[in-house]
């Protein structure tokens, strides 16, 4: 199952429309989309505008492929549950965000195990098909919690005041 999400902050109709076009061309593959407050509503995949965090987390844990924008929340959550993540950055020139910081985030995380960043919707659709057949390696992951030495340092700092 593919779970696609735009997060909770801004619409990302270009991503949603590309996922919906892929769903139309691949009707035997299950796709579920969280579209936020965008104008485009999928015609070939079930969708919800927003969902409770518990449902979001369940869908993320149950999916075979997570598709999202290049947001830190998406990156961290996919690494936590060791799910392959396919990302398309929002572009300021298309009024998908106020800055192009997602391009900088993409550059920083482009070589991270389990993540694939594409530059356009054609590449996104091609990668969706490929990643269902040949999943990315996702063994690294990250913990939901800070390392114990960091927790100890913060606790020491707070109690020393």
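The values are calculated or read from the model by the stated rules, or taken from the named source; none is laboratory data. Since the structure is predicted, the reported quantities are computational estimates derived from the model, not experimental observations. Reconstructed Cβ throughout: ideal geometry from the backbone, glycine too, with neighbour counts over all protein chains shown.
For residue 105, the criteria (1) crowded, with 17+ Cβ neighbours inside 10 Å; (2) at pLDDT 90 or above hold in every case but one, which is (2).
The set of residues from segment 7-20 being part of a loop (DSSP other than H, G, I, E, B) and either touching a helix residue (DSSP H, G or I) at 6+ places or on another chain (Cβ under 6 Å) or at positive phi (or both) comprises just one member, 7.
Any residue at all in segment 49-64 that's part of a strand (DSSP E or B), over 11 Å from the mean Cα position of the chain (by Cα) and surrounded by 13 or more Cβ atoms within 10 Å (Cβ to Cβ)? No; the residues of segment 49-64 include none that is part of a strand (DSSP E or B), over 11 Å from the mean Cα position of the chain (by Cα) and surrounded by 13 or more Cβ atoms within 10 Å (Cβ to Cβ). Only one of 23, 68 is touching a strand residue (DSSP E or B) at 6+ places or on another chain (Cβ under 9 Å), at negative phi, buried (at least 20 other Cβ atoms within 10 Å of the Cβ) and in contact (Cβ under 8 Å) with a residue 40 or more places away in the chain. Can you tell me which? Within the list 23, 68, the selection yields 68. Could you please let me know if residue 95 is more than 14 Å from the chain's Cα centre (by Cα) and either in contact (Cβ under 8 Å) with a residue 40 or more places away in the chain or within 18 Å of residue 29 (Cα to Cα) (or both)? No: the conditions fail for residue 95.
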